[in-house]
1. Tell me yes or no: at least one residue of region 301-310 is surrounded by 18 or more Cβ atoms within 10 Å (Cβ to Cβ) and under 22 Å from Gln231 (Cα atoms).
2. Please determine, by comparing only the residues of region 422-447 that are charged (D, E, K, R) and either surrounded by 14 or more Cβ atoms within 10 Å (Cβ to Cβ) or touching a residue at least 12 places away in the same chain (Cβ under 8 Å) (or both), which one is farthest from Leu460 (Cα to Cα).
3. Yes or no: Tyr364 at pLDDT 95 or above and within 30 Å of the chain's Cα centre (by Cα)?
4. For region 522-558, what are the residues that are over 41 Å from the mean Cα position of the chain (by Cα) and surrounded by 13 or more Cβ atoms within 10 Å (Cβ to Cβ)?
5. Just checking, which of Glu281, Glu294, Glu299 is within 28 Å of the chain's Cα centre (by Cα) and acidic (Asp, Glu)?
6. Leu402 fails exactly one of the following numbered conditions: (1) more than 26 Å from Glu342 (Cβ to Cβ); (2) under 26 Å from the mean Cα position of the chain (by Cα); (3) surrounded by 19 or more Cβ atoms within 10 Å (Cβ to Cβ). What is the number of that condition?
7. Could you list, in sequence order, the residues of region 182-204 that are in contact (Cβ under 8 Å) with a residue 40 or more places away in the chain and buried (at least 22 other Cβ atoms within 10 Å of the Cβ)?
8. Across region 96-141, which residue is farthest from the chain's Cα centre (by Cα) among those that are among the basic types (Lys, Arg), at pLDDT 85 or above and in a helix (DSSP H, G or I)?
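The values are calculated or read from the model by the stated rules, or taken from the named source; none is laboratory data. Quick caveat: nothing in here was measured; it's all calculated off a predicted structure. Here the Cβ positions follow ideal geometry from the backbone for every residue, glycine too, while neighbour counts run over all protein chains shown.
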Amino acid sequence: MKPLYKNFGVIILASLLMGCTNSQTIAQSEPETQSVGTLPTPTEEKPQDRKNFTSSQAELMYKVLVGEMAGQRGDYTLSARNFFETAEKTHNVGLAERATRAALYAKEYDLAIKAANLWLQLSPDDPKAHQVLWRILLYQGNTDQALIHLEALLDSFKETPEDYLEIVGVLLEKHKSQEDALKFVEKLAEKRPKDLTVLLIQARVLLNLNQIDSTLRVLQQLLKIKPTHPQGVLLYAHLLEKQGKTIEALKWMEQALAKNSNNREWRLFYAQMLANNEYYEQAIVQFQRLLNKEPQNSEILFALGILSLQTQKIRASRNYFMTLLNNEEQAEVAYYYLGQLEEEEKHPEKAIDWYNKISVGPNYLKAQARIVSILVGQDHFEEALSQLHSIPAQNKEDVLTLTQFEVDLYVERQRYPEAMEVYNKAIQADAKNTDLLYLRAMLADKMNQFDLLERDLRRLLELDPKHVQALNALGYALADRTQRYTEAYELLKRALELSPNEYYILDSVGWVLYRMGQHQPAIEYLQKAKNQQDDPEIAAHLGEVLWVSGNHEEAQRIWKEALKNFPTDARLLETMRRFSQ
């Protein structure tokens, strides 16, 4: 293999260098660089010239060879430098382009700009060089220079470059700094004030920055020029929905479709909007109109199958999914939902038959889980476990899912020791799995095994010191079950710094402050938590602190209000009993 690779490299190098030496338009090199020049004719050749030329050629060939080999090894920085140095000496456009590409791979953007500028100097009309330069310069935040190269690129198109401007829009929407993207597109809009694609890009970037009023202004400008602009109409509906004006957005789409009933994208967007806002019957009508024109469209069939299932149209749903079976790529999706339909109609054996048809794909694990659940529902618990153990795990996520599923089966039957054994085996096989450590700690909490809970959470925090759930769980457990309040507070303080608005952390901080005797700040944190989440444990905590602080009336109000929504919650009931409620 080595001789073949070597020969292949020589062929490439020879062709590159012949391109350098045979060019009739090579510019003069800078004084400090050696020029390759043009090959002398036999009559002009002198012995000294041959010696100098061979030495120069060998040096260049060596640099290109180093560049080639470095690229093969993945050392793109070295590759780019050698290609660039050779391109500078030979004024070879191909090498300048390759230097640019290699520098981009290496993320050596300054070198890429130098190489691309050389490329452009050697080939002033090459749009690819402008394309590379505007993107690098924009990435670096140099919007003025980036715009110069984009304008040069756009001017190279014979007709209005709508397609390329759409690509520009996608790049700007994904740009790391939407503020820089906005500066860029605003300058572009100044140069192209009536370009609808530019206005659309500007509106999208503004929307990304959540500048709603400015987005609306630009969209209105666009729609004034062209009221039926396809993407403008959709973006305006999206903007209305984002403002919470769902009814207005739906009416807007109705009016648009009344003017252009054949616009597929509009009708699809309208149908999806109806479905997302739970107008299922109306959504079915719109999807059906789409299906009439595209009777085998798998996405539309799937949507109609799901919506029909949602609205208890079992026969219609079955028909849609049976039609979906004609699409080989979607067949396993159809199998899964046909199984769901049979479960809905209380035909467990037929459901299992459909689920067993799924052999691969994202629905395989879900289908197997459904089979296990059906068997459990039939009181075939041991058979269900056997089925569960037969499911192959393809990756760590599958292992975690199957482990948690088995634990849940035992926990539902209050068979806690067996559930714990499942976690023990899983952690023995993967001792550094933070998810498993956290889940076992939560089961230990349920089993009142505080030592195991603390050990697992501390081990987890060694592996991931910023694990917010572990910080919160350990801090709360220490506050609730021990008198190590200062230690608990420090853990919860760290959790709060990482996630300052999580209701369960606010609740924990409030609880530890209460245990430390700081009732007023405790009430403030617990009230914040309650404002965010209607949770019986938070209500129990807040009520207790209020009661102990002397505000019995407010405590009773909070408990009674929570009891309406959570009449069987053990923690809430126990708290109320303790205070004779």
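1. Checked against the condition, which is being surrounded by 18 or more Cβ atoms within 10 Å (Cβ to Cβ) and under 22 Å from Gln231 (Cα atoms), region 301-310 yields no hits at all.
2. Residues of region 422-447 that are charged (D, E, K, R), as a first pass: 425, 430, 432, 435, 440, 445-446.
From the residues that got through so far, the ones that are either surrounded by 14 or more Cβ atoms within 10 Å (Cβ to Cβ) or touching a residue at least 12 places away in the same chain (Cβ under 8 Å) (or both) too are 430, 432, 435, 440, 445-446.
Numbers: Asp430: 13, Lys432: 8, Asp435: 9, Arg440: 11, Asp445: 15, Lys446: 18 Å.
The selected residue is Lys446.
3. Values: at pLDDT 95 or above: no; within 30 Å of the chain's Cα centre (by Cα): yes.
For Tyr364, the condition - at pLDDT 95 or above and within 30 Å of the chain's Cα centre (by Cα) - is not met.
4. Residues of region 522-558 that are over 41 Å from the mean Cα position of the chain (by Cα), as a first pass: 544-557.
Hits for region 522-558 are Glu544, Val545, Leu546, Trp547, Val548, Ser549, Asn551, His552, Glu554, Ala555, Gln556, Arg557.
5. Details: Glu281 fails: within 28 Å of the chain's Cα centre (by Cα); Glu294 fails: within 28 Å of the chain's Cα centre (by Cα).
The unique qualifying residue is Glu299.
6. Condition (1) is where Leu402 drops out.
7. Of the residues in region 182-204, the ones in contact (Cβ under 8 Å) with a residue 40 or more places away in the chain are 183-184, 187-188, 191.
Those that are in contact (Cβ under 8 Å) with a residue 40 or more places away in the chain and buried (at least 22 other Cβ atoms within 10 Å of the Cβ): Phe184, Leu188.
8. Going residue by residue through region 96-141, those that are among the basic types (Lys, Arg) are 98, 101, 107, 114, 128, 135.
With the extra rule that they be at pLDDT 85 or above, the set shrinks to 98, 101, 107, 114, 128.
Still in the running and in a helix (DSSP H, G or I): 98, 101, 114, 128.
Working: Arg98: 32, Arg101: 27, Lys114: 34, Lys128: 30 Å.
Step by step, filter region 96-141, then rank; the result is Lys114.
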